[in-house]
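> Below is the structure I would like to discuss, written out as structure tokens.
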Amino acid sequence: MTSPLLTRPGAVAAEPPDTDIAAHYGEPAQEQRALERDAGWVDRSDRGVVRVSGPDRLSWLHSLTSQFLDAIAPGTATESLVMDTKGHIKHHMSLVDDGTAVWAHTEPGGGADLAAFLDSMRFMLRVEVEDLSESRAVLTLAGPEREARLAGIALPADTPARRTEDETDLFLPAEELVRVADELTGAGARPVGLWAYEARRIAAHRPRLGVDTDHRAIPHEMGWIGSAVHLEKGCYPGQETVARVHNLGRPPRRLVMLHLDGTAERLPEQGTAIELDGRAVGFVGSSARHHELGPIALGLVKRNVPVEADFLVDGIAAAQEVVVSPDTGANAQIDLRRRPA
């Protein structure tokens, strides 16, 4: 459903998979600066929203996902993954428990699939799963003054908030999206489009499922160990792959941030090959123009590519910044006992 905020003056629609929300509101560079210096709100109402309620919700999600969720305190923001048995990532969730239910948002169009999977795994447990993607809208506030701008806003009583170190996600009733955005604007928070938000995300080395990943991606490759995968829990789909890579081996690929040659006017498209000495060694995910760093992108390259190597991407020179070390994993301490000579 196209966001009603796309009717704001200056709004320009984003590209797939985010065509239902704004790329910018006329001044993308100034929108980026607002996120660093003051505060801005970002329309992310195309995100899928899933609500899981019931007394068994935390222990049940703990057993199905990669995060330690059993008895998590209300208001604690975290991330979690749903994987298949081979450790390939199927869903990435940004979630919070409000004391009565877990609220999660996921990639556009992903809410229905996530809810269907969870619902199929309920069995006899006391949980209820709802896909609320049509009735709830995610509005994200970012910037050092975001809580001050939010302080005087009358939010609906049933609006959960997910607060991290640098962002606040509001799970608003869809019919309240325009009103809350307008009131935040009046309180001094700037309307910010997805271009600015994505530039900030890429600069922070945060990958996005389905954009920076492919069907073979595993958590170690993407840098999601720690933030979305808890290493002190087990017995969830994909756990064997996580444990094997962590203890014995390194992932086949690694995430990098690319600093692209700023003389090119274009940005590489998602999926463009990353080339080294004329051969493909990976692919580009998301890209953006950062107001200070210039054109940047995230990419996934083979683990054995030298960390000092420079690349060519669609004819554009690109230097790499290491996000995931090629030595990630291999943490087992193995002592080989030898027979005395």
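> Show R303, R253 ordered by accessible area, largest first, where the area counts protein heavy atoms only and the probe is 1.4 Å.
R303, R253
> Using a cut-off of 12 Å between beta-carbons, work out the net charge of the residues near R57 (Lys and Arg +1, Asp and Glu -1, R57 not included).
Cβ neighbours under 12 Å give a net charge of -3.
> May I pose another question? What's the carbon and sulfur percent of the stretch 1-51's accessible surface, probe 1.4 angstrom, rounded to a whole number?
In the stretch 1-51, the share of accessible area belonging to carbon and sulfur is 49 percent.
> Still on this structure: Which FRET efficiency value, to the nearest 0.05, is calculated for C235 and T100 with the Förster distance at 22 angstrom and r the Cβ-Cβ distance?
0.25
> Under 8 Å for C-alpha pairs, at least 6 residues apart: give me the relative contact order for the stretch 1-156, rounded to a whole percent.
Here the relative contact order equals 29 percent.
> Counting only the heavy atoms of the protein chains, how much of W224 is accessible to a 1.4 Å probe, in Å² to the nearest 10?
10 Å²
> Put T328, T263, T140 in order of accessible area, largest first, 1.4 Å probe: what do you get? Please list the in-between numbers first.
Details: T328 35, T263 120, T140 0 Å².
Final ranking, largest accessible area leading: T263, T328, T140.
> Using only helices, what value at 222 nm comes out for the chain when you add -39,500 (n - 2.57) per DSSP H run of length 4 or more and divide by the total residues, to the nearest 500 deg cm²/dmol?
Numbers: 8 runs with 66 residues, N = 341.
My calculation for the chain gives -5500 deg cm²/dmol from helical runs alone.
> If you don't mind, there's one more thing I want to ask. For S325, what is the net charge nearby, where nearby means another residue's Cβ is under 10 Å from its Cβ and Lys, Arg count +1, Asp, Glu -1?
Charge balance in the 10 Å sphere: +2.
> Assuming a viscosity of 1.002 mPa s and a temperature of 20 °C, what translational diffusion coefficient in µm² per second does Stokes-Einstein assign to the chain, Rh being the Kirkwood radius over Cα pairs?
Once the numbers are plugged in, D ends up at 101 µm²/s.
> I would also like to ask the following. Counting alpha carbon pairs within less than 8 Å and at least 6 residues apart, what relative contact order, in whole percent, applies to the stretch 253-324? Provide the component values of the computation, followed by the final result.
Working: 166 pairs, mean separation 31.0, N = 72.
The value is 43 percent.
> What number, in nm² with one decimal, is the all-direction average of the projected area of the convex hull of the alpha-carbon atoms of the stretch 253-324?
4.3 nm²
> A further question on this structure: Add +1 for every Lys or Arg and -1 for every Asp or Glu among the other residues with Cβ under 10 Å from the Cβ of R126, and state the total.
Working: positive: R57, R122; negative: D56, E128.
Neighbourhood net charge equals 0.
> Taking the Cα centre of each part, how many Å lie between the stretch 235-261 and the stretch 274-327?
17 Å
> Keeping all protein chains in position, work out how much accessible area K86 exposes to a 1.4 Å probe, and write it in Å² to the nearest 10.
Roughly 140 Å² of K86 is accessible to a 1.4 Å probe.
> Something else: Quick one: compute the contact order of the chain, relative version, from alpha carbon pairs under 8 angstrom and 6+ residues apart, as a percent. Show your work: numbers first, answer last.
Working: 762 pairs, mean separation 62.4, N = 341.
Reported as a whole number, the value is 18 percent.
> Counting only heavy atoms of the protein chains, get the accessible area per residue of the chain (1.4 Å probe) and round it to a whole Å² value.
Value returned for the chain: 46 Å² of accessible area per residue.
> Ignoring ligands, DNA and RNA, how do F283, F68, F117 rank by accessible area with a 1.4 Å probe, largest first?
The residues order as F68, F117, F283, largest area first.
> Counting only protein heavy atoms and using a 1.4 Å probe, what share of the accessible area of the stretch 211-254 belongs to carbon plus sulfur, as a whole percent? Don't skip to the end; give the middle numbers.
Numbers: 1010 of 1940 Å².
Carbon with sulfur: 52 percent of the solvent-accessible area.
The values are calculated or read from the model by the stated rules, or taken from the named source; none is laboratory data. The model shown is predicted, which means the values in this text are computed figures rather than measured ones. Here Cβ is always computed from backbone atoms with ideal geometry, including for glycine, and neighbour counts include all displayed protein chains. Quick note on the areas: whole protein, heavy atoms, side chains included, nothing else; ligands and nucleic acids left out. Shrake-Rupley method; radii C 1.70, N 1.55, O 1.52, S 1.80 Å.
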